[in-house]
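Novice: Starting off with a structure, shown below.
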Amino acid sequence: MSDDKSTLGNMADAAKAKLNEGADRMREAGHNVAHAVTGDAHHKAEALEDRAKAELNNREAHSEFHEGKREATDGDGR
């Protein structure tokens, strides 16, 4: 998060992080299915990794959103 980003920049970064979170959750689901079908522990490990990435992206999205909201309400929008 950068202090010189505009409200729009923060909101765009928040949206990007949410899209990345969704992609990570889809990969997690795919690995969980593969683990259920094959029983291969490698798929379970990859699912756990994707879940962790999704959680990080979720936190980033919330942080960027709140920073953008703060920028929008502080009067200058920058």
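The values are calculated or read from the model by the stated rules, or taken from the named source; none is laboratory data. Quantities reported herein were computed from a predicted structural model and do not represent experimental measurements. With ideal geometry, Cβ positions are generated from the backbone for all residues, glycine too; neighbour counts draw on all protein chains shown. Surface areas here come from the heavy atoms of the whole protein model, side chains and all, with no ligands, DNA or RNA. Shrake-Rupley method; radii C 1.70, N 1.55, O 1.52, S 1.80 Å.
Novice: Against the definition (free of Cβ contacts under 8 Å to residues at least 24 places away in the same chain, in a helix (DSSP H, G or I) and either of a type in the set (S, T, N, Q) or crowded, with 18+ Cβ neighbours inside 10 Å (or both)), how does ALA47 come out, yes or no?
Specialist: Judged against the criteria, ALA47 is a match.
Novice: Could you list, in sequence order, the residues of segment 56-78 that are in contact (Cβ under 8 Å) with a residue 12 or more places away in the chain and of a type in the set (Asp, Glu)?
Specialist: GLU60, GLU64, GLU67, GLU71, listed by residue number.
Novice: Quick one: how many residues across segment 3-17 are part of a helix (DSSP H, G or I) and farther than 30 Å from ALA41 by Cβ?
Specialist: Total satisfying the criteria: 10.
Novice: Which residues, taken from segment 1-28, are open to solvent by less than 50 Å² (accessible area, probe 1.4 Å) and farther than 30 Å from THR73 by Cβ?
Specialist: ALA23, ASP24, GLU28
Novice: Would you mind stating whether ALA72 is touching a helix residue (DSSP H, G or I) at 6+ places or on another chain (Cβ under 8 Å), part of a helix (DSSP H, G or I), at pLDDT 95 or above and under 29 Å from GLY9 (Cβ atoms)?
Specialist: Considered against the rule, which asks whether it is touching a helix residue (DSSP H, G or I) at 6+ places or on another chain (Cβ under 8 Å), part of a helix (DSSP H, G or I), at pLDDT 95 or above and under 29 Å from GLY9 (Cβ atoms), ALA72 comes out as no.
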